[in-house]
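Scroll down for the structure; my scribbles are underneath it.
The values are calculated or read from the model by the stated rules, or taken from the named source; none is laboratory data. Since we're looking at a predicted model, the values are computed, not measured. Cβ: placed from backbone, ideal geometry, glycine included. Neighbour counts: every protein chain shown.
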Amino acid sequence: MRKLLVAVLVVAAVGGAYALFLNRQDADVVGGPVAMNTPLPLLKGDAVSDGTVDLADYRGDVTVVNVWATWCGPCRQEQPGLVRTAKRYADRGVRFVGLNYQDNRAAAQAWVEEYDVPYESLFDEMGRYADDLGFPYLPDTYIVDAGGTIRWAIYGETSEAEVSNLLDEVLARPDVRFS
């Protein structure tokens, strides 16, 4: 009986600590969108496909940066919605770019083909570019205004509705476009 009581107390203590951990409001711990006001780091390198990707070329446009990997289950879940959102917002001048994290190039290329991804992805084999973003885990999505400032970070899996709502908010800002 005493062993059972000890086991119950241990489980309760561990469960309570875990519940406190999950109730923290830090999105980098539990996931979700976080308002930011941080310059987008300079990210330039080889594309998953041919050529290079330079995020400086995206300045002047609202940009969505999605950090993903082929071995990431939640990345696989959110990819179709990101493709649909990219296509839906293209006529509003919103650009998307992927950042393929610590992956195999051939697997990443197959992913782009499988999901018919309409935007370039930066190949980040060593994780250097993702580290520059300070991301806590995969997947992560960043909404960047036209001036190159990260306005929203979404830690963890996102949805079409979530990205669309944040894009609409950023696009509605009076300073979102440069002439």
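Just one of the numbered conditions (1) in the same structural domain as Ser164 (by TED's automatic domain parsing); (2) modelled with pLDDT under 95; (3) in contact with a helix residue (DSSP H, G or I) (Cβ under 7 Å, 6 or more places away or on another chain) is not true of Gly93: (3). Only residues that are in a helix (DSSP H, G or I) and not hydroxyl-bearing (Ser, Thr, Tyr) were counted in region 152-179, giving 11. Set side by side, the residues Gly45, Gly32, Gly60, Gly81 differ, and just one is in contact with a Ser or Thr (Cβ under 7 Å, 6 or more places away or on another chain), over 16 Å from Tyr101 (Cβ atoms) and among the small types (Gly, Ala, Ser), which is Gly81. Do you know which residues across region 70-114 are of a type in the set (A, V, I, L, M), within 21 Å of Ala172 (Cβ to Cβ) and not in a helix (DSSP H, G or I)? Once the filter is applied, which keeps residues that are of a type in the set (A, V, I, L, M), within 21 Å of Ala172 (Cβ to Cβ) and not in a helix (DSSP H, G or I), region 70-114 yields only Val94.
Considering only region 127-151, state which residues are among the hydroxyl-bearing types (Ser, Thr, Tyr), touching a Gly at 6+ places or on another chain (Cβ under 8 Å) and in a strand (DSSP E or B).
We begin by selecting, within region 127-151, every residue among the hydroxyl-bearing types (Ser, Thr, Tyr); these are 129, 137, 141-142, 149.
Next cut, touching a Gly at 6+ places or on another chain (Cβ under 8 Å) only: 129, 137.
If the condition is that a residue be among the hydroxyl-bearing types (Ser, Thr, Tyr), touching a Gly at 6+ places or on another chain (Cβ under 8 Å) and in a strand (DSSP E or B), then no residue fits.
Each residue in region 89-111 was checked for being out of contact with any Phe, Trp or Tyr (no Cβ under 9 Å at 6 or more places or on another chain) and surrounded by 20 or more Cβ atoms within 10 Å (Cβ to Cβ), and 1 of them qualify.
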